[in-house]
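Read through the structure below, which is laid out as structure tokens, and then see the notes.
The values are calculated or read from the model by the stated rules, or taken from the named source; none is laboratory data. Everything quoted here is computed from the prediction, not taken from an experiment. As a convention, Cβ positions derive from the backbone with ideal geometry for all residues, glycine included, and neighbour counts pool all protein chains shown. Just so you know, the surface numbers come from the protein's heavy atoms only, side chains and all, with ligands and any DNA or RNA stripped out. Shrake-Rupley method; radii C 1.70, N 1.55, O 1.52, S 1.80 Å.
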Amino acid sequence: MKILITGGAGFIGSAVVRQAIAAGHSVVNVDVLTYAACLENLASVVSSPLYAFEKADIGDGAAMARIFAAHQPDLVMHLAAESHVDRSIDGPKAFIETNVMGTFCLLEVARNYWQDRGRPENFRFHHISTDEVYGSLGDQGQFTESTPYAPTSPYSATKAASDHLVRAWYETYGLPVVITNCSNNYGPFHFPEKLIPVIILRALAGDDISIYGAGKNVRDWLYVEDHADALLTVLRRGKIGRTYNIGGENEVSNIEIARMICAILDKVRPGTRPYAEQIKFVKDRPGHDMRYAIDPARIRDELGWRPSVTLQQGLQKTVAWYLENENWWRALLDRTGVGERLGTVNTETASD
Ligand SMILES: NC(=O)c1ccc[n+]([C@@H]2O[C@H](COP(=O)([O-])OP(=O)(O)OC[C@H]3O[C@@H](n4cnc5c(N)ncnc54)[C@H](O)[C@@H]3O)[C@@H](O)[C@H]2O)c1
């Protein structure tokens, strides 16, 4: 099978590319290479005859049509997106352009391609989305596939919009789609502006480990390789037109995750004092969702998928990876905005 994967130079996309090639699939990676991209994530597959790369913007219809015609993919996995909530607060326009307009453009190109080929039933347009589209939970309950959408950040609003477009292209045009909504990912190659790598790298640098608010926000963490495995499972066996929530069954607050990482570092790279002493609370992010939790019953019961590692095991692997791959993350620290506090815009004046 030949899979066209958008955003394959990003964190999750590159894990999907590596796993798809390991499983014997051909892959065409379409990525415009924004600040979040890193082709080094693909060093292990770049010389494989199964791998091809196209540098292009998903919002460029002519480029997308050319790429579909040249590579003739059987399936599409769409991961390209602007993905950082804090950046979406400072600059929502890029999120509208890529996540909404870019997805619209890709859907149209995919639909024309699928129609021109005689509407093959085994074609798929798999949209990779987030649990953030469901908004925030209180202390109880979990997101199911029928939880109403209630996004709160520019990032989650644009992902919700793109989910709606994908579903509409199924209902209206019959395009064979599947949608997955996943909880927070972590693991190797995670860009060093996201929470878990920030905690690891600040701890190692001896800097303050900044935690938003009181650190009580709860996330359901999933190891990235498990997410990639779940995505390939849904691609192969998910029912057309259906949504699957993907979660790790690992609910933990931000302060707990910081303490878990510090405890791992205390064992594997002991310093002069416990790393947890570097934890500092800072002003919260505006509109910070309190709790996300996924009910993974559908993907577990219908497709037999479960995560392979616990949070403790995944964090140990992740910390070990960052310790062994300093060249990878050090090169990314110079990119614009990395290491700065983003998303602190004054919301009272921002609406003016
Ligand atoms: N990171 C998470 O925890 C998480 C959880 C659930 C869902 N998701 C979703 O998974 C997908 C991948 O997330 P990620 O964390 O790997 O993101 P990422 O920011 O690491 O990577 C995104 C990739 O998309 C590329 N890209 C951005 N705009 C593009 C455009 N206009 N045209 C072509 N390529 C473009 C970037 O260059 C980058 O390589 C996103 O759709 C995201 O919403 C992420």
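Here are a few things to note about the model shown:
- Of the residues making up region 1-41, those that are near the ligand (Cβ under 6 Å from one of its atoms) and part of a loop (DSSP other than H, G, I, E, B) are Gly7, Ala9, Gly10, Val32, Leu33, Thr34, Ala36, Ala37.
- Among residues of region 65-87, those that are of a type in the set (A, V, I, L, M), within 14 Å of the ligand (Cβ to nearest atom) and in a helix (DSSP H, G or I), counted: 2
- Unique match (being open to solvent by 40 Å² or more (accessible area, probe 1.4 Å) and in contact (Cβ under 8 Å) with a residue 40 or more places away in the chain) among Leu165, Leu175: Leu165
- Just so you know, in region 42-52 the residues that are open to solvent by 50 Å² or more (accessible area, probe 1.4 Å), touching a helix residue (DSSP H, G or I) at 6+ places or on another chain (Cβ under 8 Å) and among the hydrophobic types (A, V, I, L, M, F, W, C) include one that is nearest to the ligand (Cβ to nearest atom), and it is Val46.
- Members of region 280-309 that are of a type outside the set (Asp, Glu), in a helix (DSSP H, G or I) and surrounded by 14 or more Cβ atoms within 10 Å (Cβ to Cβ): Arg298, Ile299, Arg300, Leu303
- Filtering Thr180, Thr152, Thr130, Thr158 for residues that are among the β-branched types (Val, Ile, Thr) and open to solvent by 20 Å² or more (accessible area, probe 1.4 Å) leaves a single hit, Thr152.
Results for (1) in contact (Cβ under 8 Å) with a residue 40 or more places away in the chain; (2) touching a strand residue (DSSP E or B) at 6+ places or on another chain (Cβ under 6 Å); (3) on the phi < 0 side of the Ramachandran plot, shown as yes or no for each residue.
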residue	(1), (2), (3)
Ala65	yes, no, yes
Gln72	yes, no, no
Val76	yes, yes, yes
Glu82	yes, no, yes
Pro92	yes, no, yes
Trp114	yes, no, yes
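- Total residues in region 240-271, condition at pLDDT 95 or above, in a loop (DSSP other than H, G, I, E, B) and surrounded by fewer than 20 Cβ atoms within 10 Å (Cβ to Cβ): 5
- Qualifying positions in region 310-344 - under 21 Å from Tyr275 (Cα atoms) and open to solvent by less than 20 Å² (accessible area, probe 1.4 Å): Leu311, Gly314, Leu315, Thr318, Val319, Tyr322, Trp329
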